[in-house]
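J.: Shown below is the structure under consideration.
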Amino acid sequence: MPKVLIGPHLIRHQPGPFRDVLNQAGFTVVDPEAGFVMTDEDYRAHLPDVDAVIAGGEPLRGEVIDLAPRLRVIARTGVGYESVDLAASNRRKIAVVITPGTNQDSVAEQAFALLLALTRNVAHSTEAIRTGGWDRRLVTPIRGKTLGLVGLGRIGQSVCSRARAFGMDLVACDPVAGDSIFEQSGARRVDLPELLAVSDVVSLHAPLNDQTKGLVDREFLAAMKPGSYLINTARGGLVVDEDLRDSLTSGHLAGAGLDVFSVEPPGPENVLIKLPNVVLSPHVGGTDSKSMSDMAELAARAIVELFRGGWPEGCVVNEEIRPGWRW
């Protein structure tokens, strides 16, 4: 009987459609006793005995993957897979699966939660009232403002639909997205320099890779409109923390909303977390109760489909292993 290891803390020992899918297909489900984030030691203890794993955002390193002779599938709850050693997975012909189309609305809602917390002065007002204050300073509207999206994939498109409801103008930069996506989203296609020059809010929705790591640096930030806001619900590695700190403390940027960090969780040495014009959340953008259930279910269905000899189209990121792949 094949076994699947459950990595994400939010679904370990929890009921849900994903568990029904796996049980009905004859899988034994393994729920490890581990901390919130699975460590190398946790994986070393459990991976050697399983055929598949549903993984969160924790690193799955090659040396750990190589300890699992039966492993056939790594299924990520989400769309990013930079935490998985793809070279090791390819060498071992292990299918690496993502769950597209399951969490974009959750991320989009978080982006607006951060933006509104900034522009409506929510955190400051809450603290002021709790300490006896009553600060009724004017706040900044987002209606009529320009939102610039760096990346117009599923998440960027979901942000666009909400931005239109708030009466925002939309521009986007994405060399991969076709004209039909821009037309449907209502965003005007611009290059990055124009986006930075005209946007009152810049929202990051790009993947983290060699080309985008450190994209938001001193030059990027200097090109942003004075008094604008930066929202990052994508990956912390897109931003050079020290450069963002300098832009925020100088007053060039009005504020930043961050759901992701270069190191997670951020330690006290992080240069951004104590700034008064920054609002923070603990990388929860993609994981509300519905999206987590949907991601886990799609991951489970992809595992079952692979087990039965199928190939979950649009979910396997290392397509090059498909010829001759077997469970």
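J.: Can Ala34 be described as over 23 Å from Gly309 (Cβ atoms), of a type in the set (Gly, Ala, Ser) and surrounded by 15 or more Cβ atoms within 10 Å (Cβ to Cβ)?
T.: yes
J.: What is the number of the single condition among (1) under 26 Å from Asp191 (Cα atoms); (2) modelled with pLDDT under 95; (3) among the aliphatic types (A, V, I, L, M) that Ala128 does not meet?
T.: Of the numbered conditions (1) under 26 Å from Asp191 (Cα atoms); (2) modelled with pLDDT under 95; (3) among the aliphatic types (A, V, I, L, M), the odd one out for Ala128 is (1).
J.: Exactly one condition in (1) under 19 Å from Leu280 (Cβ atoms); (2) touching a residue at least 60 places away in the same chain (Cβ under 8 Å); (3) of a type outside the set (Val, Ile, Thr) is not met by Ser125; state its number.
T.: (2)
J.: Further question: Between Gly178, Gly186, which is under 24 Å from Leu114 (Cα atoms), in the same structural domain as Leu147 (by TED's automatic domain parsing) and not aliphatic (A, V, I, L, M)?
T.: Gly186
J.: Output the helices (runs of 4 or more DSSP H) that fall wholly within segment 1-65 and possess 3 or more residues being acidic (Asp, Glu), or say none.
T.: In segment 1-65, the matching helices (runs of 4 or more DSSP H) lie at 40-46.
J.: Considering only segment 93-130, how many residues are part of a loop (DSSP other than H, G, I, E, B) and at negative phi?
T.: 7
J.: I would also like to ask the following. Which one of Val304, Val260 is aliphatic (A, V, I, L, M) and over 19 Å from the mean Cα position of the chain (by Cα)?
T.: Just one listed residue meets the conditions, Val304.
J.: Can you run down the residue pairs with Cβ atoms below 8 Å, 6 or more apart or on separate chains, where the first is in segment 36-52 and under 26 Å from Ala25 (Cα atoms) and among the small types (Gly, Ala, Ser) and the partner is at pLDDT below 95 and in a loop (DSSP other than H, G, I, E, B)?
T.: Matching pairs, first to second residue: Ala45/Pro32.
J.: Could you tell me which numbered condition Asp135 fails, if it satisfies all but one of (1) among the acidic types (Asp, Glu); (2) more than 18 Å from Leu244 (Cβ to Cβ); (3) modelled with pLDDT of 95 or more?
T.: With (1) among the acidic types (Asp, Glu); (2) more than 18 Å from Leu244 (Cβ to Cβ); (3) modelled with pLDDT of 95 or more applied to Asp135, the lone miss is (3).
J.: Taking the conditions exactly as written (in the same structural domain as Asp20 (by TED's automatic domain parsing), in contact with a Pro (Cβ under 6 Å, 6 or more places away or on another chain) and crowded, with 19+ Cβ neighbours inside 10 Å), does Ala302 satisfy them or not?
T.: yes
The values are calculated or read from the model by the stated rules, or taken from the named source; none is laboratory data. Since this is a predicted model, take the numbers as computed values, not measurements. As a convention, Cβ positions derive from the backbone with ideal geometry for all residues, glycine included, and neighbour counts pool all protein chains shown.
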